[in-house]
Each structure stands twice: as C-alpha cells, then as structure tokens.
Amino acid sequence: MCGRFSSLSKEELLFLLEDNRELFDTNGSVEVSPGMEYPVITKTGVIKMLWGMKADWSKGQSIINARQETVNTKEFFKDSFIHRRCIVKVPSFYEWDKYKNKYVVRRIDGKLMNMAGIYTRIGNQNCFVVLTQKATTEFAPIHSRLPFILEDEEVHEYLYGNDEDKWCHPKLTNILMWDLENPRKPEQASLF
C-alpha cells in the first residue's frame, strides 16, 4: 500500500513543470499525504491533482490506492484505467510495519520512482490514486503491498498504450531499498 510519499525537490519540480510552475506550491511540505494536491504526469502534460477519490460506497473515506491486478475489472476504476492513466513521480514513499516502524523506501539506483496511477474528475477537481501490487518477497515483512513502479522506458507505453492486460500483473523485480526512520520496539506498538 502507499499511504504517503515524499515530494520532489524544488529543482526536480522546476524541471518537471517547466513553464507550469504555478501548478505546484509545496508550502514547505516534504511528505505528501492523502487529500493533498500533487503534480502528476498525464497524456496531456503535468496536472495538479488531489490524491484520493471518493465513491458513493466509500462512506466518505478517500480511496488512495487501486490494486493493479483488478483495476481493469472493478467498475469504479475500469474507465479511468482504460482512458486516464497517470504517473506520480516521487523520490521515495513511506510504509509502516505492524509495530508502527516507519520506513522510507527508495530506488536502489537513486532514480526518481514512476508510480503508476489513474485519475478521474470528481466535481471540479481532478483526483488520482496510486496502483499497488503484491509485495516482493523482500518487502513482504514490512507490508503486503507496494506501489506499482514503472521504469522510465515503460512510462510512454503505460500512458499511451492500449494493452491494459500488460499492466495487471505484478513486477517482482527488486529495485527498492528501505531504511528505518523511527524504530520502535514491538512492545511499544500497543501504545499507539
């Protein structure tokens, strides 16, 4: 699952946004959480969107992730997956284990991550979710899911291609590393 990620640096944002700098203001925030706006890459360019979608059946809760193995069959996501795919470019994401230890997860090679996503328009707001996949064997002790990460050379095909089935199977390559950000002892977990 992906419930929080880090924002791009000012330099990375300026490069990504080029002439659209007014689209994004970090307000000093380094961590992006659901309900915040973030620039995502679409077929038509970079668009500032809200992270999370609300459905009638979601009881007011925002849906922030979609399982890549079912995104093409779930009625709520299917149209967006076919017509409105996006890339959420981030330096890292965060995950918590069962003891509430926070991990920062990055690519081993230091590159920015291309998290696959989908988006839709709800009211007057563009909203996106991040696709997730089953965790790799190495990552599974921390969490059972992780973002579906594309290589740079896959981004164009994901955004513009018509082979939906290709993106509905997990990629189990080990390109990630993680560091413990705030270690807690197992007995402390019950305090939170």
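The values are calculated or read from the model by the stated rules, or taken from the named source; none is laboratory data. On a predicted model such as this, the values are computed, not experimentally measured, just so you know. All Cβ positions, glycine included, derive from the backbone under ideal geometry; neighbour counts span all protein chains shown.
May I ask you to list the residues in segment 28-54 that are among the polar types (S, T, N, Q) and closer than 16 Å to Pro91 by Cβ?
Answer for segment 28-54, where residues must be among the polar types (S, T, N, Q) and closer than 16 Å to Pro91 by Cβ: Ser29, Ser33.
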Review point. Tell me, which strands (runs of 3 or more DSSP E) lie completely within segment 86-170 with 3 or more residues that are over 12 Å from the mean Cα position of the chain (by Cα) and under 26 Å from Gly60 (Cβ atoms)?
Key: 113-122, 125-134
Practice item. Determine the pairs where a residue that is in contact (Cβ under 8 Å) with a residue 24 or more places away in the chain and crowded, with 20+ Cβ neighbours inside 10 Å, located within segment 46-69, has a partner that is in a loop (DSSP other than H, G, I, E, B) and of a type in the set (Phe, Trp, Tyr) with Cβ atoms under 7 Å apart, the partner being 6 or more residues away or on another chain. Key: Gln68/Phe148
Review point. Out of curiosity, is Asn124 modelled with pLDDT of 90 or more, more than 22 Å from Cys168 (Cα to Cα), polar (S, T, N, Q) and surrounded by fewer than 18 Cβ atoms within 10 Å (Cβ to Cβ)?
Key: yes
Check your understanding: Quick one: what pairs do we get from segment 123-141, first residue among the acidic types (Asp, Glu), second not in a strand (DSSP E or B), C-beta under 6 Å, 6+ apart or different chains?
Key -> Glu138/Asn174
Exercise for review: Determine which member of the set Gly60, Gly35 is assigned to a loop (DSSP other than H, G, I, E, B), more than 16 Å from Ile87 (Cα to Cα) and modelled with pLDDT under 85.
Suggested key: Gly60
Study note, to complete from the structure: Contact list, first residue from segment 160-181 and under 11 Å from Glu138 (Cβ atoms), second anywhere and among the hydrophobic types (A, V, I, L, M, F, W, C) and surrounded by 10 or more Cβ atoms within 10 Å (Cβ to Cβ), beta-carbon distance below 6 Å, six or more apart or interchain, is Leu176/Val105; Trp178/Val105
